[in-house]
Every structure is written in C-alpha cells, then in structure tokens.
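> This is the structure, below, for whatever I ask next.
Nothing in this text is a laboratory measurement; each read-out follows from the coordinates by a stated rule. Bear in mind the structure is a predicted one, so any value in this text is a computation, not a measurement. Counting neighbours? That spans all protein chains shown, and the Cβs are built from the backbone with ideal geometry, glycine included.
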C-alpha cells in the first residue's frame, strides 16, 4: 500500500502563484488548503478550483489555521508581508516542512535584484523558525499563469534547503506539477534562485516573452546529494 499524500497548505493561496500551485496539486490528488488573511476570501477562492478526477476538494481558511492543518506549508506571499506571515504561523509549524517561494521584489524596480541583508527571503525564514521546521526554498522562477494551463511546463525548479530529505520531498511536489526539481544545495543558495526572478522579469519585458523559465543542462540523472 502506497503512503498517503501529504496535506498541503498554501499561505497566500489566493494570489496568482499560490492559486496556480493549488490547481496543479489538487488535480494531482493532493489534499490542499488555501490560506489567506481573510478566511472568507480563501474559502471563495477554494470553491472556484475544479479539482476534477474525483480529487480532494480544496478548502480555504485563515493562514494560521491552514498551516496548522497541513504536513507541508508553502509560503507564496509578497515580500512586504513576509515577516508578518512568519509571525502569524510560527506557533503551528513545529516538525513541518516549510517551503518558501517568496521573492524579495521591491517595487517599482522589480527587474533589479534587491536581496535582503540576510542573503535571501528563505534565509530570513530559516532564521525566524530555527530548528522548529525544515525550511526549503523553491518555485521562484515559475510563471504563475503557466501553472493554471494543462500539460508540462518547460522550466526547472531549483530546490534549496539544509536537509536533503526535506529537499527530496519537495522535489516530489515539483514533479507532481509536471516539472523537474533539482537539488541546489543549502538554504543560503536560495539567494541565486530569488535573484534570478528579477533577471527573468527583465528578460520577459525586453524580449516580449510570456513567462520565461530556466533550464539546467547536462546529465542530471544521478545527483550526488551525499555532500550537499
């Protein structure tokens, strides 16, 4: 008998990225809860997601309740709300994997890399949560609108985290979305993935591209995770 799929909560699930992730994971059979500052808004957004294939219905509630109900917490909020969200959910994430997809974009110059002094948003999350949760950084370079369209997405996902077992669980989530996830080292390396988002925004604008992504070339069939 196969293991049951983990319960996922998407904090900021009413936004473009969070909503797109919810559509894909729910369609793949994962139990999904959307989190928002407004439980009513989250519930309405959840009702609009048609999971199909007799999958679990998506539910919506406030951020803290959503995080408490899940095995894996995915944070997809604007950087301006990042610190407040961490404070809100910090008491209910013990023992969980926390996947941070936050990018430190600072309007109006979102096409310019502006990383925090800690190095990355994910590093801020790791510092804030300490050993209570396994923090993994992922999904920074995925175009949100492509997640809502069926079929594979031509994009690799860099997965950073201090524990390879946690990274591997997140890579399984990436594969369920129809993409390839790659071990990319410790949480400090998330600075590179977060910075790439501003680079991709600039490329999209200059080359009139609809959601550029990244691809890592080479033979990646047998990753060496013993030293990473």
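> How do 3, 194 line up, fewest other C-beta atoms within 10 Å first?
Working: 3 5, 194 30.
The most exposed by this proxy come first: 3, 194.
> Cα gyration tensor of the range 100-166, axes a ≥ b ≥ c as square roots of the eigenvalues: rounded (a/c below 1.5), prolate (a/b > b/c) or oblate?
Details: a/c = 2.64, a/b = 1.21, b/c = 2.17.
It comes out oblate by the Cα gyration axes.
> Sticking with this structure for a sec: Along its principal axes, what span do the Cα atoms of the range 96-212 show, with the longest given first and each in whole Å?
Cα extents, longest axis first: 43, 35, 19 Å.
> Between the range 150-228 and the range 70-120, how many Å separate their Cα centres?
17 Å
> Then there's this: What is the order of 182, 8, fewest Cβ neighbours within 10 Å to most? Please report the intermediate quantities before stating the final value.
Details: 182 19, 8 27.
Going from sparsest to densest Cβ surroundings: 182, 8.
> On the Cα set of the range 1-86, report Rg and Dmax in Å, please.
Just the Cα atoms of the range 1-86 yield Rg and Dmax of 12.1, 44 Å.
> A follow-up question, please. Compute the distribution of all C-alpha to C-alpha distances in the range 164-204, in bins of 5 Å from 0, and list the percent of pairs in each, rounded to whole numbers.
Going out from 0 Å in 5 Å bins, the range 164-204 shows 6, 21, 20, 22, 22, 8, 2 percent.
> Let me know the shape class of the range 6-46, please: from the alpha-carbon gyration tensor, a ≥ b ≥ c as square roots of the eigenvalues, rounded when a/c is under 1.5, otherwise prolate if a/b is greater than b/c, or oblate.
Note, shape of the range 6-46 comes out prolate.
> Restricting to the chain, compute how many DSSP beta bridges are antiparallel as a %, nearest 5. Mind showing how you got there, number by number?
Values: 2 of 26 bridges.
Around 10 percent of the beta bridges assigned by DSSP in the chain are antiparallel ones.
> Starting from the coordinates of the alpha-carbon atoms of the range 151-228, obtain the Kirkwood hydrodynamic radius over all distinct pairs and give the value in Å to one decimal.
Working: mean 1/r = 0.0737 Å⁻¹.
With all distinct Cα pairs of the range 151-228 included, I get 13.6 Å.
> Fewest first, what order do 172, 163, 7, 208 take by the number of other Cβ atoms within 10 Å? Please list the in-between numbers first.
Working: 172 11, 163 14, 7 17, 208 7.
Going from least to most buried by this count: 208, 172, 163, 7.
> For the chain, what does -39500 (n - 2.57) per DSSP helix run (n ≥ 4), summed and divided by total residues, give at 222 nm, in deg cm²/dmol to the nearest 500?
Working: 8 runs with 82 residues, N = 228.
The per-residue figure over the chain is -10500 deg cm²/dmol.
> Then there's this: Kindly provide log₁₀ I(q)/I(0) values, in the same order as q = 0.09, 0.13, 0.16 Å⁻¹, from the Debye equation applied to equal alpha-carbon scatterers of the range 8-207.
Per q value, in the given order, log10 I(q)/I(0) is -0.29, -0.63, -0.99.
> Follow-up question, since we're still on this one. Could you give the nm distance between label points at residue 148 and residue 175, where each point is 7 Å from its Cα heading toward the beta carbon?
2.9 nm
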